[in-house]
Amino acid sequence: MNQNKNVLTGYGSLLKAIRSTMSICAKQIFDGGFLFVAGGYMIQAVQFVMLIFIWKSLKQGEELMTYTLMATILHQELNIISPATASLWEGSVIGRFLRPIPVEVSFFAETVGKWWVPHFLFFGLPLWLLAPAFGISPLPASAMHGLLALISLILAASLGFALDLIFASFAMHLKNGCFAALAIREAIFVLLSGEMIPFSLFPKAVGRLFSLMPLGSIAHGPLTIYTGLASNPLSVMGLQLFWNLVLWTVAIVFFRKSKERMISFGG
């Protein structure tokens, strides 16, 4: 009985630590000034409007408009960049090993608190509410598509964190080239994930190939399910689950082997 109590108490302490980390990071969003935050949101808004104008000029369907809308709203959840790589550059990673939560969990908590919550409250939700003013439907193709898209989004976020840990493990060997590699990663993600340009606009064979790749499962998967463009949502989610099993196995192995080098480089 006491053993079960200790286990439950341990989980309770971990959840409390995660909530506290999220709360602290969310409150730090305006530490750099309002204009710093607003500038980032403005760039995303301009990009969104330009893409909508392009799709309308090409006389694309309403589903593509909704696809771009949700890609903009869910940008932080789809394109996950945790503090893992930045902490190596800053030399702060060693301090994370002294915290009462696992290092990997601290990266997750900080990402959610610093990026997901503020982005949704100050940009994503207002844009979703204003979408009808642009002639765009913000609703999913159906209630079932919305539910499946939510599950797919969770799988996509999990996959994104796995890829981020793999990249952080790789970045430890780059030393001062961390941020150069990060810029290259951003460019590759934009092209291969389908977040900015849907695979339906690619040549059929190329779009099909990209959709089967890990990055394609991150953005293309949940967005096509939400808009009803996915012919078989369950197969899309099955592919996401497969890539999660593969990449989390790789991420755990790589990250554990890189911890010693991470401490020496980060300290």
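Odds and ends about this structure:
- Local net charge near THR227, Cβ-Cβ under 14 Å (Lys/Arg +1, Asp/Glu -1): -3
- Folded to 0 to 90 degrees: helix 2-27 orientation relative to the chain principal axis, Cα: 60 degrees
- Cut-off 14 Å between beta-carbons: net charge of the residues surrounding MET70, Lys and Arg +1, Asp and Glu -1: -4
- When the P(r) is computed for the chain, the part past 27 Å accounts for 43% of the Cα-Cα pairs.
- When the pairs LYS27/LYS257; LYS16/LYS259; LYS56/LYS204; LYS56/LYS114 are compared against a 30 Å limit on Cα-Cα distance, LYS27/LYS257; LYS56/LYS114 fall above it.
- The relative contact order of the chain, computed from alpha carbon pairs under 8 Å that lie at least 6 residues apart in sequence, is 27 percent.
- Furthest towards positive pole of dipole, PHE161, LEU209, ILE184, structure part the stretch 104-220, Cβ charges: LEU209
- Surface share of carbon and sulfur [accessible, 1.4 angstrom probe, percent] for the stretch 125-251: 79 percent
- Rounded to the nearest 20, the size of the Cβ-charge dipole of the chain about its Cα centre is 500 debye, with Lys and Arg at +1 and Asp and Glu at -1.
- Lys/Arg +1, Asp/Glu -1 at C-beta; the chain dipole; positive extreme among LEU14, ALA219, SER193: LEU14
- Helix-only [θ]222 nm of the chain, DSSP H runs n ≥ 4, -39500 (n - 2.57) each, per residue, nearest 500: -23000 deg cm²/dmol
The values are calculated or read from the model by the stated rules, or taken from the named source; none is laboratory data. Quick caveat: nothing in here was measured; it's all calculated off a predicted structure. No Cβ is skipped: glycine too gets one built from the backbone with ideal geometry, and neighbour counts run over all protein chains shown. Note: areas computed on protein heavy atoms with side chains; ligands, DNA, RNA excluded. Shrake-Rupley method; radii C 1.70, N 1.55, O 1.52, S 1.80 Å.
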